[in-house]
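Enquirer: This is the structure I have questions about; it appears just below.
The values are calculated or read from the model by the stated rules, or taken from the named source; none is laboratory data. What you are looking at is a predicted structure, and each value in this text was computed from that prediction instead of being measured. As a convention, Cβ positions derive from the backbone with ideal geometry for all residues, glycine included, and neighbour counts pool all protein chains shown. Just so you know, the surface numbers come from the protein's heavy atoms only, side chains and all, with ligands and any DNA or RNA stripped out. Shrake-Rupley method; radii C 1.70, N 1.55, O 1.52, S 1.80 Å.
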Amino acid sequence: MATSQHPPPLEILVRGSDGFSIWNGPPFVDNQPTTKKLDKVACTSTKFSEDGSKLLVTKPETLSIYECRGFGEIKSFEVPNLLAAALSPCGTYLQTFQKSSTPQEKNVVLWKVDTGDLVYSQFQKNMTKVSWPAIRFSSDETVACRMATNEIQFFDTKDFSKGVIHRLRVPGVVAIELSRTPGTHIAAFVPESKGVPASIQIFACGDSQTQPIARRSFFRCSTVQLNWNNGSTGLLIVVQADVDKTNQSYYGETKLNYLTTDGVHEGLVPLRKEGPVHDVQWSPSGSEFAVVYGCILIIVPYCGSCAFSLPRTSCSLTKKKVMPARATVFDKKCKPLLELGEGPYNTVRWNPKGKFLCLAGFGNLPGDMAFWDYKEKKQLGRTKSECSVTSEWSPDGQYFMTATTAPRLQVDNGIKIFHYNGALYFKKMFDKLFQADWKPESSDKFGEIDLLVKSVESLNVDQKKTQGQGSKVSQTSQKTAPSNPPVQKPAAYRPPHAKNAAAIQAELLGEGPKETLSKNAMRNKKKREKQKEKKAGEAASSANDV
């Protein structure tokens, strides 16, 4: 692997209520980040291009493109009634979607960033997360295509004035995914219709290709998530059904399917635990993938007066066994390579080098994180990052950053950066934080992480020393504490339906169930103990009399 002698510095984009700024990434000087000499710019959103060469900044009235070496503005576009905007992977093109009043108005426009010229435009009635961006590019921008009614249209990326140069007929197609590295294949999703099952079809990108080279059909499918690997040889398909006809899940059911472009494998990934697929991600090498799956949902009896309840599935009381999620690494033949254990997890992240990965439980889970060394097949550490909204590895694969951002959460906004072994390196809180992203860089520009192990171990030694000093301070504070204990507040009322909440939560988090008794049960237990003592005393006295 080619590695630069002078790797680029890590940089972090931080966007608050007063605009965005660029931090110099770790390692920090004096444990504090320094900000580049760049005036904060008021904006509503920012987004790097995939290769990190350009930055798209959405301002109240204009779109601005910044080059990412000195972060100077190179081009500005005035786009009225803007609804969405996106950069191509190499930052060559800017794609915008505007609110259209008439069908004659072409509201999807492709601009050349360097010159500001309009190179292509079309009309699009509406746009969703599945269909945006309208024009898809491969990572090297050699292939470009868009989904139209019953067909997929291809363009010449060097000359969009030619218009559509190739059409691929796919009746009923509603979603596509172009392989990115390289852009040699495209997957198309066709939903169920009139008793015909839904299907995923893989086509080779070329003028002469009209028949799918791989296909997978299935019933009970509402939406799909398509994930290509690096190398464009395998496609993971998360199939989601809104309704679970087996009545085992209130939130529907999910299945993980796997297709290969050579037709060798077609079918379900053999997961060893029932329940939904929470997350799946390919390793950077494209040779293995990690899956987090299994039930972690809490379903309790519904009670109108009980705060601890989920939407009811029926009027009767129900009980569901809660199990922690499981994580497994599979190879390209769907054979399990490594079991990562069970716990309250719903997220998996490979580092860009493919050596480490992080399992985490974000969203409505408590934020547990487990860091693994995949090459050595061992766990490096565990920690927590509560209320995290976003999470990602640094481009060099040494640091893992989590952020609590608005508008998802309006309080406790902040950034945390961890070492690859889970040790906390940096933390900063904000009154309001909207975005925190690493500036993308190719992992080939950085050296191997093994060279940094010694420096991290020395840092851990320093942290242990400071913890030891802190423990002495806590001991002295305990000696000077007042002898009168504080008056305990009465316990909060817990309705009968919530008595098992603690046990359910303990089982969800992988902990052992704790025995809790009500007042009546405790009273009866004491009576039984007294009766046993009385019988034992009578038996002893009768033995003495004999």
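Enquirer: Considering only residues that are hydroxyl-bearing (Ser, Thr, Tyr) and surrounded by 15 or more Cβ atoms within 10 Å (Cβ to Cβ), look in the stretch 252-295 and name the one that is farthest from Val348 (Cα to Cα). Steps first, please.
Expert: Of the stretch 252-295, the ones hydroxyl-bearing (Ser, Thr, Tyr) are 254, 258, 260-261, 283, 285, 287, 293.
From the residues that got through so far, the ones that are surrounded by 15 or more Cβ atoms within 10 Å (Cβ to Cβ) too are 254, 258, 260-261, 283, 287, 293.
Details: Thr254: 17, Tyr258: 18, Thr260: 22, Thr261: 25, Ser283: 10, Ser287: 16, Tyr293: 11 Å.
Here the residue is Thr261.
Enquirer: Residue by residue through the stretch 371-430, note down the ones that are more than 17 Å from the chain's Cα centre (by Cα), among the charged types (D, E, K, R) and crowded, with 19+ Cβ neighbours inside 10 Å.
Expert: Once the filter is applied, which keeps residues that are more than 17 Å from the chain's Cα centre (by Cα), among the charged types (D, E, K, R) and crowded, with 19+ Cβ neighbours inside 10 Å, the stretch 371-430 yields only Asp396.
Residue-by-condition table, conditions (1) open to solvent by less than 40 Å² (accessible area, probe 1.4 Å); (2) modelled with pLDDT under 90:
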{"position": "Met1", "(1), (2)": "no, yes"}
{"position": "Thr35", "(1), (2)": "no, yes"}
{"position": "Leu63", "(1), (2)": "yes, no"}
{"position": "Cys68", "(1), (2)": "yes, no"}
{"position": "Ser101", "(1), (2)": "no, yes"}
{"position": "Val108", "(1), (2)": "yes, no"}
{"position": "Thr115", "(1), (2)": "no, no"}
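Enquirer: Of all residues in the stretch 358-412, count the ones that are within 26 Å of Glu448 (Cα to Cα), at pLDDT below 95 and in contact with a Cys (Cβ under 9 Å, 6 or more places away or on another chain).
Expert: 0
Enquirer: For residues in the stretch 71-86 being open to solvent by 60 Å² or more (accessible area, probe 1.4 Å) and either in a loop (DSSP other than H, G, I, E, B) or among the charged types (D, E, K, R) (or both), which is farthest from Asp114 (Cα to Cα)?
Expert: Across the stretch 71-86, the extreme among qualifying residues is Asn81.
Enquirer: Residue check: is Glu105 free of Cβ contacts under 8 Å to residues at least 60 places away in the same chain and either in contact with a His (Cβ under 9 Å, 6 or more places away or on another chain) or under 18 Å from Leu56 (Cβ atoms) (or both)?
Expert: no
Enquirer: Which is more than 20 Å from Pro171 (Cβ to Cβ) and part of a strand (DSSP E or B), of Val224, Val238?
Expert: Unique residue meeting the criteria: Val238.
Enquirer: So, one more: Residues that are touching a Lys or Arg at 6+ places or on another chain (Cβ under 7 Å), outside any loop (DSSP other than H, G, I, E, B) and aromatic (Phe, Trp, Tyr): does the stretch 276-291 have at least one?
Expert: No: the stretch 276-291 contains no residue that is touching a Lys or Arg at 6+ places or on another chain (Cβ under 7 Å), outside any loop (DSSP other than H, G, I, E, B) and aromatic (Phe, Trp, Tyr).
Enquirer: In the stretch 387-442, how many residues are farther than 15 Å from Ile12 by Cβ, of a type in the set (A, V, I, L, M, F, W, C) and assigned to a strand (DSSP E or B)?
Expert: 2
Enquirer: So, in the stretch 199-220, how many residues would count as being open to solvent by less than 70 Å² (accessible area, probe 1.4 Å) and either in contact with a Ser or Thr (Cβ under 7 Å, 6 or more places away or on another chain) or not in a strand (DSSP E or B) (or both)?
Expert: Within the stretch 199-220, residues that are open to solvent by less than 70 Å² (accessible area, probe 1.4 Å) and either in contact with a Ser or Thr (Cβ under 7 Å, 6 or more places away or on another chain) or not in a strand (DSSP E or B) (or both) number 11.
Enquirer: In addition: Quick one: Tyr345 ticks every box in (1) within 25 Å of Thr390 (Cβ to Cβ); (2) open to solvent by 10 Å² or more (accessible area, probe 1.4 Å); (3) not in a strand (DSSP E or B) bar one, so which box is it?
Expert: (2)
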